[in-house]
Amino acid sequence: MAEKDDYLADILVDLGFVAADKVAELRVEARAAGVGLVDLMVANKVVRPEHVTQAKAAHFGAEVVNLAELKIADDVIATIPRHIARKYRAIPVFKHDNVVTVALTDPSDLDTVDSLAHLLRAEIDLRVASEADIEGALNRYYGERGGGGAVADPRLKEVIEDLTREHVEVETASAEDGAVVEADAPLIKLVNSIITEAFKMRASDIHLEPLSKTFRVRYRVDGVLHEIKPPPKRLQASIVSRLKIQSNMSISEHRIPQDGRIQTSAGGKLIDLRVSCLPTNHGESIVMRILDKEGLRLGLPELGFFTDDQQTFERLIGLPDGILLVTGPTGSGKTTTLYSCLHFINRPDRKIITVEDPVEYLLSGINQVQVSEAVGLTFAMALRAILRQAPNVIMIGEIRDLETASIAINASLTGHLVFSTLHTNDAPSAVTRLIDIGVKPFLVASSTRGLMAQRLVRKVCKQCAQPYVPTDAEMRTLGLDAVNTQAATFLRGKGCSNCSNTGYRGRFGIFEVFVIDDDARKLIYEKVSSSVLRARAREMGMRTLREDGIRKVTAGLTTPDEVIRATVGDVD
């Protein structure tokens with residue numbers, strides 16, 4: 001500090017702002033009092049703060065900039081996120097190609113300059129501004145630090161109010177020494193509001209998508225995306241950086257996808273979010289999946305099973321060995337079903353190990369392994385190691401290749417119960433899929449105990465449900481007529497505050513459960529087509545997805561539209 005003050009004092013003398021003898025006098029006084037020489041000169045009004053700023057600029061050959069007189073463009077301000085600007089007390093002034101002009105109070109702080117160059121991945125062109133000028137610009141462009149009252153940045157106020165349904169205020173707290181410290185800043189409030197509102201709306205995931213002129217925010221509620229009023233486009237970089245910091249991602253990396261997790265509180269509950277960041281043409285797209293741990297403890301009836309299918313499924317997951325496969329497209333609830341199965345069979349006398357990519361939920365009493373391709377920990381490698389841990393039950397997140405499938409089948413043939421998923425349209429097609437990736441038909445036939453396909457449909461809202469008569473087109477599509485629907489109860493939601501006027505609240509599954517018997521094993525060994533195998537399953541009493549959906553429509557649980565949408569590929 002003394003050396004810095006000395007060089008600044010000498011420059012102030014050279015510029016004619018103070019006499020040399022006055023500096024010598026004050027230097028003795030500053031050392032005796034243990035304070036900075038330049039600070040003492042400003043305090044005694046020997047020099048003015050702007051003189052000190054000019055001295056710093058002169059020493060480094062930089063230009064002094066008056067931020068109060070500048071109108072900085074929004075896209076330039078978005079170059080440096082708020083938390084970075086506050087941390088380094090830096091204001092972006094101009095941006096051209098790969099050069100960012102940045103105003104600092106102290107151009108001699110090379111660590112700050114190097115850090116900014118690294119974070120922004122750009123060349124830094126320095127300007128010098130006074131401390132008061134920097135503070136004013138930070139408050140003007142990034143929001144006030146505090147001081148009581150309403151949201152400090154008026155440009156955020158409307159967005160925050162729209163997201164939280166009620167006015168959110170920035171509060172300040174006093175430290176023990178009486179200094180005022182910053183509580184939640186407006187940007188942090190905004191990000192928290194986006195997450196909190198999604199939780200209140202029962203969203204399964206949050207999509208923040210950079211477009212050419214807007215920064216779109218959408219919530220997926222009961223499987224359907226709903227767009228909300230977006231934050232200003234200029235806040236895009238700041239919001240993304242805030243979420244990347246919370247997710248422990250690298251904020252300086254913008255070229256490759258990244259994944260992370262956030263644990264936060266919403267609605268009085270502790271929630272986990274799985275975060276994915278993907279570079280796009282107009283910036284980084286963020287998708288946050290809200291992981292609802294309460295859904296893991298759902299019983300089979302809550303998943304959507306009727307009594308007969310539930311009994312069949314409970315018998316399958318209670319077997320001592322073999323493979324049970326759950327099939328369906330992404331987002332059809334396969335993971336929730338498997339976790340509910342593990343919860344159902346989790347007992348002290350059973351050792352359960354899972355291999356997942358990624359581990360979405362942490363389950364009590366169960367050993368979970370996170371696949372990491374970066375270090376070579378693949379599904380196959382993890383499975384080989386798991387078999388030496390002597391488990392009773394193994395859950396594999398997904399069978400993706402021949403090596404994983406072979407190890408899983410060998411495990412099932414040596415006394416292990418194996419759960420996994422496949423991406424196929426129906427249950428019998430899972431057999432064809434395993435054979436297509438290279439598994440021998442006799443191994444599939446001898447190891448597979450059951451196959452289940454599932455889809456998710458929306459539930460009719462209980463608070464606004466009312467009877468209605470399906471149209472002739474709906475009846476024909478579902479294969480219904482007046483005779484076989486005499487005892488049916490058709491309900492449809494009118495729309496209310498409980499369901500956000502959609503008529504639906506929540507989702508449940510429709511299923512087709514195929515139990516592999518000796519006749520089915522013979523057909524698998526003979527490598528028959530999936531259509532022949534499906535016909536055999538129908539003869540055994542397997543209901544198709546559409547047939548199970550029809551049962552739930554006539555029970556008043558969902559609507560024909562939902563079942564038709566979810567089973568549009570069901571040829572039967």
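Restricting the stretch 335-378 to residues that are open to solvent by 60 Å² or more (accessible area, probe 1.4 Å) and touching a Pro at 6+ places or on another chain (Cβ under 9 Å) leaves a set whose member that is modelled with the lowest pLDDT is G365. F94 falls short on exactly one of the conditions (1) modelled with pLDDT of 85 or more; (2) open to solvent by less than 20 Å² (accessible area, probe 1.4 Å), and that condition is (2). On the stretch given as the stretch 61-75, residues that are out of contact with any Ser or Thr (no Cβ under 7 Å at 6 or more places or on another chain), touching a residue at least 24 places away in the same chain (Cβ under 8 Å) and either part of a helix (DSSP H, G or I) or under 13 Å from T105 (Cα atoms) (or both) total 8. Counting only strands (runs of 3 or more DSSP E) wholly contained in the stretch 334-402, the ones carrying 3 or more residues that are touching a strand residue (DSSP E or B) at 6+ places or on another chain (Cβ under 8 Å) and in contact (Cβ under 8 Å) with a residue 40 or more places away in the chain occupy 352-356, 393-396.
Got at least one residue in the stretch 250-271 being open to solvent by less than 20 Å² (accessible area, probe 1.4 Å), touching a Ser or Thr at 6+ places or on another chain (Cβ under 8 Å), outside any loop (DSSP other than H, G, I, E, B) and more than 30 Å from R505 (Cβ to Cβ)?
As a first pass, look at the stretch 250-271 and keep what is open to solvent by less than 20 Å² (accessible area, probe 1.4 Å): 252, 260, 262, 266, 271.
Restricting the remaining residues to those that are touching a Ser or Thr at 6+ places or on another chain (Cβ under 8 Å) gives 260, 262, 266, 271.
Filter again for outside any loop (DSSP other than H, G, I, E, B), leaving 260, 262, 266, 271.
If we keep only those that are more than 30 Å from R505 (Cβ to Cβ) too, we end up with 260.
Checked against the condition, which is being open to solvent by less than 20 Å² (accessible area, probe 1.4 Å), touching a Ser or Thr at 6+ places or on another chain (Cβ under 8 Å), outside any loop (DSSP other than H, G, I, E, B) and more than 30 Å from R505 (Cβ to Cβ), the stretch 250-271 yields at least one hit.
The residue of the stretch 12-33 that is farthest from S130 (Cα to Cα), among those that are open to solvent by less than 70 Å² (accessible area, probe 1.4 Å) and not in a helix (DSSP H, G or I), is A19. Taking the criterion of being farther than 21 Å from V38 by Cβ and touching a Pro at 6+ places or on another chain (Cβ under 9 Å), would at least one residue in the stretch 60-69 satisfy it? No, the stretch 60-69 contains no residue that is farther than 21 Å from V38 by Cβ and touching a Pro at 6+ places or on another chain (Cβ under 9 Å). Please count how many residues of the stretch 197-240 are open to solvent by less than 40 Å² (accessible area, probe 1.4 Å) and within 15 Å of the chain's Cα centre (by Cα). The total comes to 14. Just name the residue that is nearest to S429 (Cα to Cα) out of those in the stretch 491-519 that are touching a Ser or Thr at 6+ places or on another chain (Cβ under 9 Å) and not in a strand (DSSP E or B). Within the stretch 491-519, the match that is nearest to S429 (Cα to Cα) is I516.
For the stretch 82-119, the set of residues classified as out of contact with any Leu (no Cβ under 8 Å at 6 or more places or on another chain), part of a strand (DSSP E or B) and closer than 17 Å to Y142 by Cβ consists of P92, K95, listed by residue number.
Of all residues in the stretch 412-463, those satisfying the criterion of being touching a helix residue (DSSP H, G or I) at 6+ places or on another chain (Cβ under 6 Å) and either among the aromatic types (F, W, Y) or modelled with pLDDT under 90 (or both) are F419, T424, F442.
Could we say that R165 is under 25 Å from H207 (Cβ atoms), of a type in the set (K, R), open to solvent by 40 Å² or more (accessible area, probe 1.4 Å) and at pLDDT below 60 here? The answer is yes for R165. Of the helices (runs of 4 or more DSSP H) lying entirely inside the stretch 521-572, those containing at least 1 residues that are in contact with an Asp or Glu (Cβ under 8 Å, 6 or more places away or on another chain), open to solvent by 60 Å² or more (accessible area, probe 1.4 Å) and under 20 Å from D222 (Cα atoms) are 560-566.
The values are calculated or read from the model by the stated rules, or taken from the named source; none is laboratory data. Since the model is a prediction, treat every value here as computed from it, not as a measurement. Cβ: placed from backbone, ideal geometry, glycine included. Neighbour counts: every protein chain shown. Accessible surface is based on the protein model in full, side chains and every heavy atom, while ligands, DNA and RNA are left aside. Shrake-Rupley method; radii C 1.70, N 1.55, O 1.52, S 1.80 Å.
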